[in-house]
Amino acid sequence: MAAPLVLAAAPLAGAALLYRQLAAAKLAAEPWPGLLTLAGLWAGSMLAGRWLLRLRGEAAGVWRRRLGTAAGGALLAAGAAVVFGTVRERIVHKFGTMSARQAMVQDAWALVKEAPWLGQGGDTWRLSYRAVQSSPYVGSQMHSGYVDVLLNTGLIGLVLLTAMLAAAGLLIFRRCRRLLPSYIAFLLHGAVDIDWSYGMVWLLFFLLAAQAAAEPFPVGKKTGGVLASPPERIRWHVPALLSLWIVIALGSSCLAYRGYMGHAEHMQALRSRDNQAAAARLASSLRWNPSDYSAALDLAGLVPPPAAEAILRRSLAYAPHHPGLLWALADNAGQRGDAGAAIYWTGAALRQDKYNAGERTRSLECLLQLARAEYTAGHEAEARRIARFGFGLYHDYARAAEDTRLRVIRNDREFALTFEAREWGRQLAALSGVRARWTVE
């Protein structure tokens, strides 16, 4: 093992230096300087590694061999020290990111239990995590590929995925074992990060399996003879599988094209300075891709409240638990003066997004305005009913903010009781005739 370790010492030290630069730049280095740095470190590391290996070659003297071994060991230690110095905060102290990942996985089980066998479809965690999060962390992507698949496709999908991974691993093990470290890195890192959210990761994964399948000399079968040609007979299942693949590819291409056109129209609408032109672009975007809730939210802000309600309701059919749509419907009901709908949609939004301080504050202001309007119209009983409901929301908000402040948890969303919410709470209490303690110690 001495020779491989010495050969890898310089590349490891170069990789550690590159990692330190990327960590300092928050993994967002400038493209061209970053590529030049990568190329320079790669070339220098490979040359230095070969020089160290030659330094301790069999023809070299004892002292030169010892010098090469010592230099390799020093570079290995230096590389490890550079990496440890960068990640020391995560390893030694409070495990900040690990605690957040643990909380996310624990909260995900509440969603898994709702649909354990078939899951709840794509983007389950992104659309639903705010309804089940035990603390106000920020994490719209599940930091575990296995748990994400379990949420989206259930146990059946996870079993199929596991079977595919096992088959690929067995193929690599039997035909090209030098690829096993890379394959295992994909499996392990995907369990604790968002790797599987990127298509490039899957392309690299399948590339490993394809490279193993194309290995001319599988493990234990190296020969100097001519490789046997594959049989010319085509079995019946090959055309069937090919036809199925063509149908799936065509269907996926059509969906991808519709999504692309919808996205293009949406981007054109955002660049437009004319509200009418932007609204027309957004309507076209929704015709191409009706499930794009971001386009629906943008369009709802450009049309009158009655038309906006219809747009938001249609979008809610595609994403029934999306908090942004629910908050938008609550705000739309307030604009239309419909207190009953405002109360309903506010409650639905709070069930899906309980740690949203800004929306909670706006909902209190909206209910206060509705209560004042009813009071001005002479409907005192209705005004008091709305004010009591609003004060109840304020009381729940204050209690949740106090609980968040006292518990030792992550508060990435900066959830706290706002000054405006205190003021709206006072006025709601005064309008409803409720006596309350206003300050949260």
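For segment 109-134, give me the residue count where each residue is of a type outside the set (A, V, I, L, M) and not in a helix (DSSP H, G or I).
The total comes to 9.
What do you reckon, is R362 over 27 Å from Q133 (Cα atoms), open to solvent by 10 Å² or more (accessible area, probe 1.4 Å), in contact (Cβ under 8 Å) with a residue 12 or more places away in the chain and part of a helix (DSSP H, G or I)?
Answer is no for this residue.
Where residues in segment 245-278 are among the charged types (D, E, K, R) and over 24 Å from the mean Cα position of the chain (by Cα), which of them is least open to solvent (accessible area, probe 1.4 Å)?
Checked segment 245-278; the qualifying residue least open to solvent (accessible area, probe 1.4 Å) is E265.
Given the conditions (1) open to solvent by 50 Å² or more (accessible area, probe 1.4 Å); (2) touching a helix residue (DSSP H, G or I) at 6+ places or on another chain (Cβ under 6 Å), report the number of the one that G79 does not fulfil.
Looking at each condition in turn, G79 falls short on (1).
Scan segment 299-308 residue by residue and report those that are open to solvent by less than 60 Å² (accessible area, probe 1.4 Å) and in a helix (DSSP H, G or I).
L299, A300, P305, A307, A308
Among the residues of segment 187-202, how many are β-branched (V, I, T) and either surrounded by fewer than 13 Cβ atoms within 10 Å (Cβ to Cβ) or within 18 Å of M98 (Cα to Cα) (or both)?
2
Which residue pairs have Cβ atoms closer than 7 Å, lie 6 or more positions apart in sequence or on different chains, and pair a first residue in segment 203-214 that is under 15 Å from L180 (Cβ atoms) and open to solvent by 60 Å² or more (accessible area, probe 1.4 Å) with a second residue that is modelled with pLDDT of 90 or more and part of a helix (DSSP H, G or I)?
Within 7 Å, the pairs are Q211/L179.
Checking the structure you have, find out if any residue of segment 98-108 is open to solvent by less than 60 Å² (accessible area, probe 1.4 Å), in a loop (DSSP other than H, G, I, E, B) and at pLDDT 90 or above.
Checking segment 98-108: not a single residue is open to solvent by less than 60 Å² (accessible area, probe 1.4 Å), in a loop (DSSP other than H, G, I, E, B) and at pLDDT 90 or above.
I need the full set of residues from segment 316-341 which are assigned to a helix (DSSP H, G or I) and of a type in the set (D, E, K, R), in order please.
D331, R336
Test L165 against the criterion of being open to solvent by less than 30 Å² (accessible area, probe 1.4 Å) and modelled with pLDDT of 90 or more, and give yes or no.
yes
Please enumerate the residues belonging to segment 279-288 that are under 25 Å from R126 (Cα atoms) and open to solvent by 40 Å² or more (accessible area, probe 1.4 Å).
Within segment 279-288, R287, W288 meet the criteria.
G85 - would you say it is modelled with pLDDT under 90, in a helix (DSSP H, G or I) and closer than 16 Å to Q21 by Cα?
Taking the combined requirement at face value, the residue satisfies it.
Looking only at segment 37-65, count how many residues are more than 19 Å from A78 (Cα to Cα) and open to solvent by 50 Å² or more (accessible area, probe 1.4 Å).
Selection size over segment 37-65: 8.
Among the residues in segment 323-332, are any touching a Leu at 6+ places or on another chain (Cβ under 8 Å) and within 16 Å of L370 (Cβ to Cβ)?
Scanning segment 323-332 turns up at least one residue that is touching a Leu at 6+ places or on another chain (Cβ under 8 Å) and within 16 Å of L370 (Cβ to Cβ).
If S182 satisfies every condition in (1) within 16 Å of V149 (Cα to Cα); (2) in a helix (DSSP H, G or I) but one, which is the exception?
Condition not satisfied by S182: (1).
Give all pairs with beta carbons closer than 7 Å in which a residue from segment 371-386 that is within 18 Å of A330 (Cα to Cα) meets a residue that is open to solvent by 50 Å² or more (accessible area, probe 1.4 Å); count only pairs at least 6 apart in sequence or on separate chains.
Within 7 Å, the pairs are E374/E382; A383/Y375.
Being under 21 Å from A269 (Cα atoms) and open to solvent by 20 Å² or more (accessible area, probe 1.4 Å) is the filter; apply it to segment 317-328 and report the residue that is farthest from the chain's Cα centre (by Cα).
Out of the qualifying residues, it is A328.
Suppose we filter segment 4-36 for residues that are over 17 Å from G79 (Cα atoms), in a helix (DSSP H, G or I) and open to solvent by 40 Å² or more (accessible area, probe 1.4 Å); how many remain?
5
The values are calculated or read from the model by the stated rules, or taken from the named source; none is laboratory data. Because the structure is a prediction, the values reported are computed rather than measured. Cβ coordinates were reconstructed from backbone atoms using ideal geometry, including for glycine residues, and neighbour counts include every protein chain displayed. Each accessible area value is taken on the protein alone, full model and side chains, heavy atoms only, with ligands, DNA and RNA left out. Shrake-Rupley method; radii C 1.70, N 1.55, O 1.52, S 1.80 Å.
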